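The values are calculated or read from the model by the stated rules, or taken from the named source; none is laboratory data. All values derive from a computational prediction rather than experimental measurement. Ideal geometry is used to build each Cβ from the backbone, glycine not excepted, and the neighbour counts take in all protein chains shown.
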There are 2 protein chains.
Amino acid sequence: MERKKIAIVGVGLIGGSLAIQLHEKKLSSRLIGVDNNPEHAEKAMQLELVDEIMSLDEAIAASDVVVLSIPVDNMVSLLPAVMDKIDRQMVVDLGSTKSLLVDVIKDHPKRGRFCATHPMWGTEYSGPAAAVKGAYENKAVIICNAAQTDPDVLGWVRHMFGKIGMRQLEMDAQAHDLHAAYVSHISHITSFALANTVLQKEKEENAIFELASAGFESTVRLAKSNPAMWVPIFLQNKVNILDVLNEHIEQLKKFRDCIRDDKTGELRTLIEDANKIRRIIK
Amino acid sequence: MERKKIAIVGVGLIGGSLAIQLHEKKLSSRLIGVDNNPEHAEKAMQLELVDEIMSLDEAIAASDVVVLSIPVDNMVSLLPAVMDKIDRQMVVDLGSTKSLLVDVIKDHPKRGRFCATHPMWGTEYSGPAAAVKGAYENKAVIICNAAQTDPDVLGWVRHMFGKIGMRQLEMDAQAHDLHAAYVSHISHITSFALANTVLQKEKEENAIFELASAGFESTVRLAKSNPAMWVPIFLQNKVNILDVLNEHIEQLKKFRDCIRDDKTGELRTLIEDANKIRRIIK
């Protein structure tokens with residue numbers, strides 16, 4: 001398939017890492033960066049993530065494909081404005097919530113030019129300097145409400161994710177938000193809360209530094225994640241997140257009660273139940 | 001320093017990984033395995049973690065050093081019996097809790113031959129097949145109540161951990177158990193509870209399998225850990241663990257309430273507070 005002129009709106013961790021892939025897999029003939037943070041724009045140029053920086057309007061006019069990789073609150077306000085400005089271009093978003101976004105755009109006359117996607121990859125870092133080579137490969141990507149996207153747009157988006165080496169799944173936006181709450185959003189909340197717990201209780205920061213094991217680092221690393229990205233995700237997906245978060249608090253109380261009351265057998269059963277995650281994760 | 005005949009009581013993940021190091025760093029002239037699980041004993045021989053398998057009594061008689069790497073409930077009952085049987089041998093334990101253990105042994109006539117240690121390393125796997133080369137290197141090890149240990153024993157233990165490449169810290173057993181609750185034990189509880197939460201709420205196991213991101217795997221991987229090891233740790237360290245676990249539940253409720261009530265600014269502050277873990281972890 002012919003290479004495209006591709007605008008990346010938001011050249012941070014997600015957009016920057018995609019830009020590297022678009023070039024490497026020969027999907028792009030030109031990469032245009034758009035970023036409302038001038039330092040990020042400059043850094044993206046310096047790291048050669050993109051070929052040039054333009055304003056949003058210039059970038060839309062100059063591109064075949066517009067990729068939106070910005071926080072999901074900005075996404076909801078920016079997508080309709082972008083759709084108003086395009087002609088035959090394709091627009092793809094990479095955000096972590098989908099229901100509100102597809103709802104906002106559902107009656108737009110150019111709805112078919114838009115494809116809603118969520119590549120299931122990220123790290124706890126952010127900004128263009130956090131972009132990495134080889135991201136997304138062998139990970140899952142969810143394409144939402146595919147029937148509302150024009151066949152040529154869907155075809156190119158599938159071609160792109162296929163070349164990058166992603167496993168493609170389709171589901172509607174509601175199902176996406178439900179599953180994303182379970183397998184991604186809740187992990188970030190538990191990690192943020194664990195960091196706050198330990199920072200609150202462990203008055204000797206030096207002790208954390210000296211003693212923290214690989215296990216602690218593993219459970220707490222997501223706590224380094226960027227609030228500008230995660231606050232709007234939690235609020236947009238609040239119904240699903242509150243449901244899973246309330247369940248999580250109940251599960252923690254079960255552990256608390258078993259430990260407090262020396263219920264050895266029940267504590268063992270709770271752990272054996274948790275061990276069943278082995279069936280699923282590696 | 002002269003190489004020692006060393007008995008490893010419990011040739012699983014912890015003892016087996018230490019056995020590999022003892023050989024590699026030329027600390028042992030002979031490695032004797034003791035395990036009440038005949039399959040583990042056989043596997044330890046097959047993997048050449050140890051040179052031979054003996055009964056506990058034979059192993060004590062044949063050794064200069066006895067290393068105890070067994071669940072902490074068994075540790076508390078076995079250590080006094082081992083101390084009764086030794087003559088000039090040294091005894092070292094590698095368990096994850098320390099207060100009860102040093103208390104149980106504090107008036108033993110041979111107390112000085114014992115050194116209480118906790119190398120801060122482990123994985124979510126268990127048994128001799130989980131033993132890995134290069135374990136413990138560049139990790140911390142805590143030596144507890146060192147003043148109660150004979151200088152020659154303490155000297156050899158420090159020599160051993162030094163050769164393995166561990167950072168050595170000394171603290172009393174109470175302080176150890178407090179810090180261990182914060183930087184190790186609580187992570188395991190949050191991970192077990194997260195696994196149970198997701199297994200409970202996400203009825204489509206296939207969705208977890210397909211969509212689970214690196215972030216989810218990172219926060220949930222400790223949920224694969226062995227109940228035989230962790231139940232007694234949680235119960236022996238219950239006072240500290242209940243304290244930190246109650247705090248953790250409160251921290252999660254703060255996130256829940258902010259999300260429920262759309263408190264954007266407060267949610268952002270909670271996440272920015274959590275981001276301070278960056279100062280400490282990498």
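Summary table
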item	result
Those residues of segment B:200-238 which are touching a residue at least 24 places away in the same chain (Cβ under 8 Å) and more than 7 Å from chain A (Cβ to nearest Cβ), in sequence order	B:SER225, B:ASN226, B:ALA228, B:MET229, B:PRO232, B:ILE233, B:GLN236, B:ASN237
Close pairs (9 angstrom Cβ cut-off, 6 or more residues apart or separate chains): more than 10 Å from chain A (Cβ to nearest Cβ) in segment B:166-192, among the charged types (D, E, K, R) anywhere	B:MET166/B:GLU137; B:MET166/B:LYS139; B:GLN168/B:ARG158; B:ASP172/B:LYS98; B:ALA173/B:LYS98; B:ALA173/B:ASP103; B:GLN174/B:LYS98; B:ASP177/B:LYS98
Residues satisfying the stated conditions in segment B:268-282, i.e. part of a helix (DSSP H, G or I) and either more than 7 Å from chain A (Cβ to nearest Cβ) or within 16 Å of B:VAL183 (Cα to Cα) (or both)	B:THR269, B:ALA274, B:LYS276, B:ILE277, B:ARG278, B:ARG279
Leading residue by the ranking (nearest to A:ALA195 (Cα to Cα)) among those in segment B:239-257 that are basic (Lys, Arg) and within 7 Å of another protein chain (Cβ to nearest Cβ)	B:LYS253
Of all residues in segment A:123-143 being in a loop (DSSP other than H, G, I, E, B) and among the β-branched types (Val, Ile, Thr), the one that is modelled with the lowest pLDDT	A:THR123
Any hit, segment A:37-56, residues being of a type in the set (Asp, Glu), in contact (Cβ under 8 Å) with a residue 40 or more places away in the chain, assigned by TED's automatic domain parsing to the domain that holds A:ALA129 and farther than 21 Å from A:TYR136 by Cα	no
Of all residues in segment B:93-110 being surrounded by fewer than 14 Cβ atoms within 10 Å (Cβ to Cβ) and of a type in the set (D, E, K, R), the one that is farthest from B:HIS185 (Cα to Cα)	B:ASP107
Matching residues, segment B:75-116, being more than 17 Å from B:ILE60 (Cα to Cα), in contact with a strand residue (DSSP E or B) (Cβ under 7 Å, 6 or more places away or on another chain) and either outside the structural domain of B:ILE142 (by TED's automatic domain parsing) or of a type in the set (Val, Ile, Thr) (or both)	B:VAL102, B:ILE105
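Listed here are the residues, each with its yes/no results for (1) under 19 Å from A:THR123 (Cα atoms); (2) touching a strand residue (DSSP E or B) at 6+ places or on another chain (Cβ under 8 Å); (3) surrounded by fewer than 19 Cβ atoms within 10 Å (Cβ to Cβ).
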| residue | (1), (2), (3) |
| --- | --- |
| A:SER17 | yes, no, no |
| A:GLN21 | yes, no, no |
| A:LEU27 | no, yes, no |
| A:HIS40 | yes, no, no |
| A:ASP73 | no, no, no |
